[in-house]
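So the structure is just underneath, and the comments pick up after that.
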Amino acid sequence: MEVIVAKHAGVCFGVKRAIDMAFRAARKYRDHVYTIGPLIHNPQVVEQLKEVGVTVQGGIDDIAGGTVIFRSHGVPFRLAQRAREKGLRIVDATCPFVKRAQKFARSLSRKGYLVILVGDESHPEVKGLKSYVEGEAIVVGTPKELGHWAGGKKVGVVAQTTQSLENFREIVALCLEKAGEIRAYNTICDATALRQKEALDLAHKVDCMIVIGGHNSANTKRLAEICRRILGDTYHVERVEELKPPWFRRKGRIGVVGGASTPSWVIEEITEGIHRTVSQG
Ligand code: SF4
């Protein structure tokens, strides 16, 4: 049996930058360093940060003083404003790709476009993007959700950075049919696009795909969806204990990809786990 690990599996530039900034903040400011929600969708890293003093809080009003770290997928505009009003020290780890999407969402709305955000409405990045729109915004997850939309005169489309290109393309095509004027920005980040392409290529070549990353990580879930469309034997795992011997029976080649928030040591651990599981099964 052969295990093939995608070249760009694991932590992306934006997540690495956020982790580094958080560890630096912990060293520099020591106590009272907080994130609102986990810094990244990876429980192991969140645990390591906790050990050096970075504490997860539920909301901005739970933080009385000290340092707040904004996560890589950004925060809503009002939250940033509130943090400043409270006099908190801000370490802004918002990924530059997310900032770019926020900037487009704002400028489109200022120019009178109805903004369509392609993404998952409940995801913090999308909540943040929406908060930058000065006017009306519609969040759409799939082309089907646009089915009953009557259309508009001027429509601007922006994607959540972890969207699949195919989904974005289909929604833009639908907007073209229903809008008088359309302006679309492909704000899917390079890291996501690269990981999705590699995952797709790999899924065509193997008998089973293991997608590694937090179960609540949007980009990892998206990777698993993309692979599953090609290969039914696709499994999304977060920890090595989740691997099951029947997945690998009579399989010649196993593909491994990791989400943008999955550290390389987690990928190595699970890849070793695959070898172990195969030899035991
Ligand atoms: S997935 Fe893309 S947008 Fe998100 S943190 Fe990584 S590089 Fe930035």
Taking Val56 as meeting all but one of (1) assigned to a strand (DSSP E or B); (2) surrounded by 15 or more Cβ atoms within 10 Å (Cβ to Cβ), write down the number of the exception. (2)
Quick one: in the stretch 27-48, which of the residues that are within 16 Å of the ligand (Cβ to nearest atom) and touching a Ser or Thr at 6+ places or on another chain (Cβ under 9 Å) is nearest to Asn216 (Cα to Cα)? His41
Being in contact with a helix residue (DSSP H, G or I) (Cβ under 7 Å, 6 or more places away or on another chain) and over 20 Å from Cys189 (Cβ atoms) narrows Arg78, Arg110 down to just Arg78
Among the residues of the stretch 1-35, what is the count of those that are in a helix (DSSP H, G or I), open to solvent by 40 Å² or more (accessible area, probe 1.4 Å) and aliphatic (A, V, I, L, M)? 0
Hits in the stretch 149-206 (condition: among the hydrophobic types (A, V, I, L, M, F, W, C) and within 16 Å of the ligand (Cβ to nearest atom)): Val158, Ala159, Leu165, Phe168, Ile188, Cys189, Ala191, Ala193, Leu194, Ala199
Could you pull out every one of the strands (runs of 3 or more DSSP E) wholly within the stretch 133-240 that has 2 or more residues that are open to solvent by 40 Å² or more (accessible area, probe 1.4 Å)? 152-159, 179-185
Scanning the stretch 81-101 for residues that are open to solvent by less than 40 Å² (accessible area, probe 1.4 Å) and closer than 21 Å to His41 by Cα, the one farthest from the ligand (Cβ to nearest atom) turns out to be Val91
Over the stretch 70-99, the set of residues part of a loop (DSSP other than H, G, I, E, B), out of contact with any Pro (no Cβ under 9 Å at 6 or more places or on another chain) and either touching a residue at least 24 places away in the same chain (Cβ under 8 Å) or of a type in the set (Phe, Trp, Tyr) (or both) is Ser72, Lys86, Leu88, Ala93, Thr94, Cys95
Flag if Ser122 is among the polar types (S, T, N, Q), part of a loop (DSSP other than H, G, I, E, B), surrounded by fewer than 22 Cβ atoms within 10 Å (Cβ to Cβ) and away from the ligand (no atom under 16 Å from the Cβ): yes
Filtered residue count, the stretch 121-140, keeping only those that are farther than 14 Å from Lys154 by Cα and either aromatic (Phe, Trp, Tyr) or touching a strand residue (DSSP E or B) at 6+ places or on another chain (Cβ under 8 Å) (or both): 8
Taking the criterion of being without any contact (Cβ under 8 Å) to a residue 40 or more places away in the chain and of a type outside the set (Lys, Arg), would at least one residue in the stretch 189-199 satisfy it? yes
Quick check: anything in the stretch 256-265 under 20 Å from Gly119 (Cβ atoms) and either in contact with an Asp or Glu (Cβ under 9 Å, 6 or more places away or on another chain) or more than 16 Å from the ligand (Cβ to nearest atom) (or both)? no
Residues satisfying the stated conditions in the stretch 66-80, i.e. within 16 Å of the ligand (Cβ to nearest atom) and more than 17 Å from Ser131 (Cβ to Cβ): Ile69
Contact list, first residue from the stretch 1-24 and farther than 19 Å from Val56 by Cα, second anywhere and basic (Lys, Arg) and surrounded by 24 or more Cβ atoms within 10 Å (Cβ to Cβ), beta-carbon distance below 6 Å, six or more apart or interchain, is His8/Arg195
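So, Ile69, is that one out of contact with any Lys or Arg (no Cβ under 8 Å at 6 or more places or on another chain), modelled with pLDDT of 90 or more and among the β-branched types (Val, Ile, Thr) or not?
Yes.
For the stretch 36-52, which residues satisfy the criterion of being over 16 Å from Thr262 (Cβ atoms) and buried (at least 16 other Cβ atoms within 10 Å of the Cβ)? Give the derivation first.
Initially, the stretch 36-52 is screened for residues over 16 Å from Thr262 (Cβ atoms), giving 36-37, 50-52.
Ile36 - this is the single residue of the stretch 36-52 that is over 16 Å from Thr262 (Cβ atoms) and buried (at least 16 other Cβ atoms within 10 Å of the Cβ).
The values are calculated or read from the model by the stated rules, or taken from the named source; none is laboratory data. Computed from a predicted model, the values in this text were never measured in an experiment. FYI the Cβ positions are ideal-geometry reconstructions off the backbone, even for glycines, and counts take in every protein chain you see. The accessibility values were calculated without ligands, DNA or RNA, using every heavy atom of the protein model including side chains. Shrake-Rupley method; radii C 1.70, N 1.55, O 1.52, S 1.80 Å.
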